[in-house]
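To start, the structure under review is shown below, and the notes come after it.
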Amino acid sequence: MNALAQSAPPIAQPATVPLLRTLVLCDLVDSTALVGRLGDQRAAELFRKHDRAVRDLLQTHGGREIDKTDGFLAMFERPIQAVAFALDYQRQLRRLGEDERNPLVARVGVHVGDVLTWDNTPDDVAKGAKATEVEGLVKPIASRLMQLALPGQTLLSGVAYSLAHRAQGELGERLATVRWRTHGRYQFKGVPDPIPVFEVGEEGLAPLKAPPWSGKAHREVPFWRRPASLTIELVLLAIVAAIPLWYLLKPAPAIAFANRDWVVVGDLKNLTGESKFDESLQTAFRIGLEQSRYVNVLSDLKTRETIKLMRRDPEKTSVDRAVGSEIAIRDGARALILPTIAEIGGRVRVTAEVIDPNTQTTVYSESADGVGEPSVLPSLDKVNQQLRVRLGEALATVSNESRPLEKAATKDLEALRAYSLGRRAYNSGDMKEALELLRQATKLDPDFALARTTIASIHFNVGENTEALKEIDRAMAARDRLSPRDTLFVEARRAQFGSPAAALEKWKALSKLYPDFAIARGWFGYMSWQYANRFDDAIQAYLDLNSPQNPDSGLRDATLGVWYLGQEKYDEARRRLTNWSQLGFAESRAAVDAAQRQFDKLDSILKSNKNVDVVGEDVTTQNARVAFAVDQGRWNEAWKTLAKSKSELAPERARSLRKLRGIEVSLRTLMGEDDAVEQLRTFIQEEKLALEKEKYLDRTETIFHLLFAGYLAATKDDVKLAQQAIAQIGPEAASGEYPVLSRMLAATQAEIARANGKPEEAIRLLQASPLDDSELFVTRVALMHAYAAKGDTAAALKQAEWLAKRRGRAYTEYNADWVARPFNVAQSDLALLSSAEFSAALGDAKQARASLSAFTQAWPTARESKPVSARIQKIETQLAGS
C-alpha cells in the first residue's frame with residue numbers, strides 16, 4: 001500500500017484563501033439549430049472563428065479563459081473589465097454574423113464574489129482536466145444570470161453593477177452609446193436570497209428590457225404592489241361578473257404570420273377508433289393547406305430530415321406538440337398545426353389547433369363537424385379555409401384558388417389511405433412498396449390524378465419514360481381532379497417529354513406563382529443546365545432554394561458545386577462539394593482539381609466515392625477517368641480505360657456502351673487516328689438504328705450523338721458523312737424547342753460550311769444565337785476554326801484563349817450524359833497549341849513560346865502523336881526563324 005501511495009500522482013489542492021473575482025459566462029443562442037442549418041463542417045468553421053474572437057477579446061481586456069463547453073467561462077480582476085469585454089463581444093458577434101450571413105447573438109451573465117481557484121496537475125490535464133478550476137457560489141449565480149438573459153443581453157448582479165458603474169469612465173469613447181438598466185430583484189432557483197439584476201448594453205445592439213420570468217427565475221414583487229385581501233375579493237367578484245362578457249367580446253387570438261411564412265403540420269390525432277382515418281386524413285389536411293400561395297407547409301421529407309437531426313427515428317416519432325414545436329423552431333416555421341378528429345354527441349368533428357412553437361400554447365383553433373363519414377372531407381375543407389383566413393390570406397383568394405379535397409385528390413378514404421402510405425414509402429426511398437401502394441390507390445379510384453403523378457415520378461426517376469408518360473397522360477386526362485398548383489406541375493412534367501424549352505417556361509411560371517415550391521425551382525434549375533446550358537439560371541434557381549425549410553441541402557450544395565465549376569469559380573465549387581464522397585460526386589470533386597491542373601489526388605478521390613451503387617454512375621466515373629487521362633496527355637491510359645469500361649458492361653447496358661463508343665470515336669477523330677472516319681461511319685449507323693426505336697427523352701441523347709458525329713466528320717472535311725449524320729435526325733434540333741440540340745446543329749452546319757470553303761457562312765451560323773455563355777464548348781471550337789479559315793487570325797486567337805481558360809466549362813457541360821466531356825477537355829488543352837500557332841502567325845514570338853511551353857507541360861507526351869508533333873515542329877520552325 002505504501003508503494004502504491006508513493007507511485008500515485010500528486011492531487012491538485014484548491015487555494016486556501018478565497019479571492020474576490022469577476023466571473024463572466026457567455027452562451028451562443030441556438031447553436032444547435034445553427035449546426036442543423038449549416039451542417040457540421042461549416043458550423044465548426046464558424047465556431048472556430050467565434051472562439052478565436054473571444055480569446056482575442058479576453059487578452060485585450062485582461063480576462064482569463066477558465067472553461068469552454070457550449071459557451072465560455074472567463075475570470076477577470078475587476079467588473080469593469082468584464083463589462084468592457086461583454087460590450088465588445090456582443091458587437092463583434094454582430095459583425096461575425098453579418099460576415100457569415102447567419103445572425104449570431106449571445107447571452108452573457110456577470111457576477112462578482114469570492115472564488116476558490118487551483119491549477120490542476122500536468123497529469124490531470126493530460127487526462128482531460130482543465131488547466132485551472134474555479135469554484136464558489138459566484139459561478140452558479142453567473143450561470144443563472146446568463147440563462148435569464150434575452151438573446152443579445154448582458155445581465156449583471158447588483159454587486160457587479162455597483163463596481164462597474166462606478167468605473168464606467170474607463171470605457172472611453174464607448175460610454176456615449178452605453179446604457180444601464182435596472183430590472184428589479186429576481187429570485188433564482190437554488191439561491192437563498194433575491195439578486196438585484198441590471199443590464200448593460202449599447203443602443204441598437206442590446207434588448208434593454210426586462211427579461212421574462214422562467215421556471216428557474218422569477219421577479220420579486222414588492223409588498224406595496226401586492227393587493228390587499230379586500231381588493232382580491234373585489235377583483236374576484238369582478239372577474240366572475242365579467243366572464244360572460246369576456247366570452248362574448250373577447251378578441252381573437254393572433255399569431256404574427258406573414259405571406260409565405262411556413263407551418264408544420266403535426267400528426268393527426270384520431271379519437272374515433274376508425275383506422276381508415278389514421279393516414280388518409282393526415283394527407284388530406286396537408287393537400288388542402290398546400291393549395292395556398294400564402295401559407296407554406298413544411299414538406300414531409302423535410303420534417304423527417306429534421307427529426308433525424310434531433311437524433312430520433314422518423315418511423316417511430318410522432319409529431320406532437322413538443323416534437324412539432326421543436327421542428328418549427330429548428331426550421332424557421334411560424335406555427336405548428338395539430339389536426340384532430342373525434343366523435344362527439346353522434347357527430348364527427350374535425351379540429352385544427354394553431355400552436356405557437358416558442359411557448360407550445362394554442363393560439364386559436366378552428367373546427368367543423370357533420371354526420372358520418374361522408375362529412376369528414378367537407379369538414380376538413382371548411383377547417384382549412386378558416387385557418388387560411390385566420391392566418392391572413394384573403395377570403396376571395398381562398399375561395400377562388402382552392403378546390404374541395406374530393407376534387408383536389410379523391411373522396412375515397414381507402415384510396416387516400418393507400419396514397420398516404422405510398423407517399424410515406426416514397427419519401428423513405430422504398431420505391432417498390434410505394435409503387436404497389438400507389439397502384440392500389442388508382443385501382444380504388446382510377447381518376448386519382450395526384451396518385452398517378454407520383455407513379456409517373458417513380459418511373460421517370462429510373463428512366464422508364466414510356467411508363468412515366470402513360471401515367472402523366474392519365475393524370476392530364478383527369479386534371480379536373482387536381483389543385484391549380486398540381487395541374488401546373490403535371491403540365492410542366494408533360495412538356496418535358498416533348499419540348500424542353502416549353503418545359504423550362506412552365507417550370508419557371510410555376511416557380512413564380514409558388515415561389516417556395518421546391519420541386520418547381522429544382523427542375524427549372526436542373527433543366528436550365530441540362531437542356532439549355534444556362535449555368536447562371538441554374539445556379540440562381542438553386543440558390544433560391546437555399547432555405548432551412550427545403551430538404552436535400554447537401555445534394556443541392558453538391559450540384560451547385562458542379563455548376564460553379566462550370567463558371568471557373570473553383571473555391572466556391574470546392575466549398576459546395578464538401579460532402580462529395582457521401583453523395584456520389586467524386587468525379588465532380590476531382591474535376592475541380594483537374595480543371596486547375598492539380599492531378600496528384602484524383603485517384604484517391606475517385607476511390608473514395610461512397611455512393612457508386614448504380615451502373616450508370618460507374619460509367620460516369622469511367623468517363624471522368626478518361627477525361628483526366630486525356631487532360632494529362634496520357635492517351636494510352638485513356639484508350640485502356642475505355643476498352644476496360646466497354647468490356648465490363650453487361651449486354652443489357654447497350655445505351656451506356658453507345659455513349660462510351662461516342663467518347664472513343666470523338667477522341668480518335670480529334671487525334672487523327674487512321675481508323676477514325678471508318679469508326680465514325682459505324683457509329684452513325686448504330687445511332688441511326690437506335691433512333692428508329694426510341695421515343696421521348698431518349699431521342700434527344702441519340703440525336704445529340706448523331707449531330708456530334710456529324711460535327712466530327714466535318715472537322716475532318718468529310719462533308720458527305722457529316723450530311724449523312726444530319727439527315728438521320730428528326731425535327732427536334734431545328735425546331736428550337738431543344739436549345740442544346742439547336743446549338744449542336746449550328747456547330748455541325750458551321751463546320752460543314754467551313755469545310756465547303758464558306759467560313760463567313762460558318763461564322764454567321766454560329767453567331768445566329770448570342771454568345772451569352774449558354775453556347776456549347778464546341779461552338780467556340782467551330783468559331784475558332786471558322787475565323788482561322790477566313791484568315792482572321794486575331795479573332796481565332798481570342799477563341800483559342802477562351803477555350804484554354806474555360807476548363808471548368810469543359811468538364812461540366814452535360815451534353816447528352818457527358819458524352820462530349822473528354823473531347824472538350826482535350827480541346828481546352830489543344831487550345832494552348834492553337835494559341836501558339838496563332839501568336840506565331842501574328843508575329844508575337846514571346847506569347848507563342850509561352851503558349852507552346854504551357855501545352856507541352858500539359859501534354860508531356862504530345863510528340864508521340866504524329867499530327868500534334870507536326871504542329872509543334874512547324875511552330876518551332878517559325879519561332880527559330882524569328
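The values are calculated or read from the model by the stated rules, or taken from the named source; none is laboratory data. Because the structure is predicted, anything quoted here is derived from the model rather than measured. Methodologically, a virtual Cβ is constructed for each residue, glycine included, from the backbone with ideal geometry; neighbour enumeration extends over all protein chains shown. Accessible surface is based on the protein model in full, side chains and every heavy atom, while ligands, DNA and RNA are left aside. Shrake-Rupley method; radii C 1.70, N 1.55, O 1.52, S 1.80 Å.
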Options ALA747, ALA734, ALA713: the member that is more than 30 Å from LEU642 (Cα to Cα) and either at pLDDT below 95 or open to solvent by less than 50 Å² (accessible area, probe 1.4 Å) (or both): ALA734
Flagged in segment 636-655 as among the acidic types (Asp, Glu), surrounded by 11 or more Cβ atoms within 10 Å (Cβ to Cβ) and more than 21 Å from ALA676 (Cα to Cα), in numbering order, are GLU648
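Residues that are surrounded by fewer than 18 Cβ atoms within 10 Å (Cβ to Cβ), at least 1 per element: which helices (runs of 4 or more DSSP H) completely within segment 768-859 meet that? Lay out the reasoning, then the answer.
Numbers: elements: 777-790, 793-805, 807-812, 815-818, 821-841, 845-858.
In segment 768-859, the matching helices (runs of 4 or more DSSP H) lie at 777-790, 793-805, 821-841, 845-858.
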Filtering segment 356-382 down to residues that are in contact (Cβ under 8 Å) with a residue 60 or more places away in the chain and buried (at least 20 other Cβ atoms within 10 Å of the Cβ), which residue is nearest to the chain's Cα centre (by Cα)? PRO357
Residue check, ILE703 against (1) crowded, with 20+ Cβ neighbours inside 10 Å; (2) aliphatic (A, V, I, L, M); (3) under 18 Å from ASN824 (Cβ atoms), all met but one. Which one? (3)
Quick count over segment 586-633, residues being farther than 17 Å from GLY561 by Cα, at pLDDT below 95 and basic (Lys, Arg), is 4
Assuming VAL83 fulfils every condition listed in (1) outside any helix (DSSP H, G or I); (2) in contact (Cβ under 8 Å) with a residue 24 or more places away in the chain apart from one, which condition is it? (1)
Within the group ALA503, ALA558, ALA495, ALA478, which residue is free of Cβ contacts under 8 Å to residues at least 40 places away in the same chain, among the small types (Gly, Ala, Ser), surrounded by fewer than 23 Cβ atoms within 10 Å (Cβ to Cβ) and over 27 Å from THR700 (Cα atoms)? ALA478
Out of all the residues in segment 366-385, is one or more touching a Phe, Trp or Tyr at 6+ places or on another chain (Cβ under 7 Å) and of a type in the set (D, E, K, R)? no
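State all residues of segment 597-608 that are surrounded by fewer than 18 Cβ atoms within 10 Å (Cβ to Cβ) and without any contact (Cβ under 8 Å) to a residue 60 or more places away in the chain; if no residue qualifies, say none.
GLN598, PHE599, ASP600, LYS601, ASP603, SER604, LYS607, SER608, listed by residue number.
Every residue, every condition in (1) modelled with pLDDT under 90; (2) under 20 Å from ILE307 (Cβ atoms), yes or no:
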| site | (1), (2) |
| --- | --- |
| LYS407 | yes, no |
| LEU413 | yes, no |
| LEU421 | no, yes |
| LYS432 | no, no |
| THR442 | no, no |
Of the conditions (1) open to solvent by 40 Å² or more (accessible area, probe 1.4 Å); (2) of a type outside the set (A, V, I, L, M, F, W, C); (3) in a helix (DSSP H, G or I), THR578 satisfies every one except a single condition; which number is it? (3)
First in segment 830-856 and more than 24 Å from VAL630 (Cα to Cα) and β-branched (Val, Ile, Thr), second anywhere and modelled with pLDDT of 95 or more and open to solvent by less than 20 Å² (accessible area, probe 1.4 Å), Cβ under 7 Å, 6 or more apart: none
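Can you pull out every residue in segment 182-204 that is closer than 18 Å to ALA106 by Cα and assigned to a strand (DSSP E or B)? Step through it out loud before you land on a result.
Of all residues in segment 182-204, those closer than 18 Å to ALA106 by Cα come to 197-204.
Matches in segment 182-204: VAL197, PHE198, GLU199, VAL200, GLY201, GLU202.
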Determine the pairs where a residue that is assigned to a helix (DSSP H, G or I), located within segment 536-548, has a partner that is β-branched (Val, Ile, Thr) with Cβ atoms under 7 Å apart, the partner being 6 or more residues away or on another chain. TYR542/THR559
With the checklist (1) closer than 25 Å to TRP802 by Cα; (2) crowded, with 23+ Cβ neighbours inside 10 Å in hand, flag the one item ALA541 doesn't pass. (1)
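Kindly indicate whether any position in segment 94-116 is in a helix (DSSP H, G or I) and among the hydrophobic types (A, V, I, L, M, F, W, C). Walk me through it before giving the result.
Taking segment 94-116 as the starting set, the residues that turn out to be in a helix (DSSP H, G or I) are 94-100.
Applying the additional criterion that residues be among the hydrophobic types (A, V, I, L, M, F, W, C) yields 96.
Scanning segment 94-116 turns up at least one residue that is in a helix (DSSP H, G or I) and among the hydrophobic types (A, V, I, L, M, F, W, C).
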Picking from GLU65, GLU173, the residue that is free of Cβ contacts under 8 Å to residues at least 24 places away in the same chain, surrounded by 15 or more Cβ atoms within 10 Å (Cβ to Cβ) and either of a type in the set (A, V, I, L, M, F, W, C) or out of contact with any Pro (no Cβ under 8 Å at 6 or more places or on another chain) (or both) would be GLU65
Are there any pairs, at least 6 apart or on different chains, whose C-beta atoms fall under 6 Å, with the first in segment 127-154 and within 13 Å of VAL29 (Cβ to Cβ) and the second of a type in the set (Lys, Arg) and buried (at least 20 other Cβ atoms within 10 Å of the Cβ), and if so, which? MET146/ARG107; ALA149/ARG107
Read through the list (1) at pLDDT below 95; (2) within 39 Å of the chain's Cα centre (by Cα); (3) of a type in the set (A, V, I, L, M); (4) open to solvent by 10 Å² or more (accessible area, probe 1.4 Å), then give the number of the only condition that ALA727 fails. (2)
Listing of helices (runs of 4 or more DSSP H) fully contained in segment 652-758 that carry 3 or more residues being in contact with a strand residue (DSSP E or B) (Cβ under 6 Å, 6 or more places away or on another chain) and without any contact (Cβ under 8 Å) to a residue 40 or more places away in the chain: none
Considering only residues that are open to solvent by less than 40 Å² (accessible area, probe 1.4 Å) and of a type outside the set (S, T, N, Q), which ones fall in segment 295-304? VAL295, VAL297, LEU298, LYS302, ARG304
Test each condition in (1) open to solvent by 30 Å² or more (accessible area, probe 1.4 Å); (2) within 25 Å of GLY554 (Cβ to Cβ); (3) touching a Leu at 6+ places or on another chain (Cβ under 6 Å) for GLY97 and report the one that comes out false. (1)
Does ARG321 count as surrounded by 20 or more Cβ atoms within 10 Å (Cβ to Cβ) and either touching a Pro at 6+ places or on another chain (Cβ under 7 Å) or not polar (S, T, N, Q) (or both)? no
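Filter segment 26-44 for residues that are open to solvent by less than 80 Å² (accessible area, probe 1.4 Å) and either out of contact with any Lys or Arg (no Cβ under 7 Å at 6 or more places or on another chain) or of a type in the set (S, T, N, Q) (or both) and give the result. I'd like the intermediate steps shown before the answer.
Of segment 26-44, the ones open to solvent by less than 80 Å² (accessible area, probe 1.4 Å) are 26-29, 31, 33-36, 38-39, 43-44.
Selection gives CYS26, LEU28, SER31, LEU34, VAL35, LEU38, GLY39, ALA43, ALA44.
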Based on this model, can you work out whether THR359 counts as in a helix (DSSP H, G or I) and more than 21 Å from LYS411 (Cβ to Cβ)? no
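Which is surrounded by fewer than 23 Cβ atoms within 10 Å (Cβ to Cβ) and more than 30 Å from GLN440 (Cα to Cα), of ILE307, ILE329? Show your work before the answer.
Working: ILE307 fails: more than 30 Å from GLN440 (Cα to Cα).
ILE329 is the lone residue from the list that is surrounded by fewer than 23 Cβ atoms within 10 Å (Cβ to Cβ) and more than 30 Å from GLN440 (Cα to Cα).
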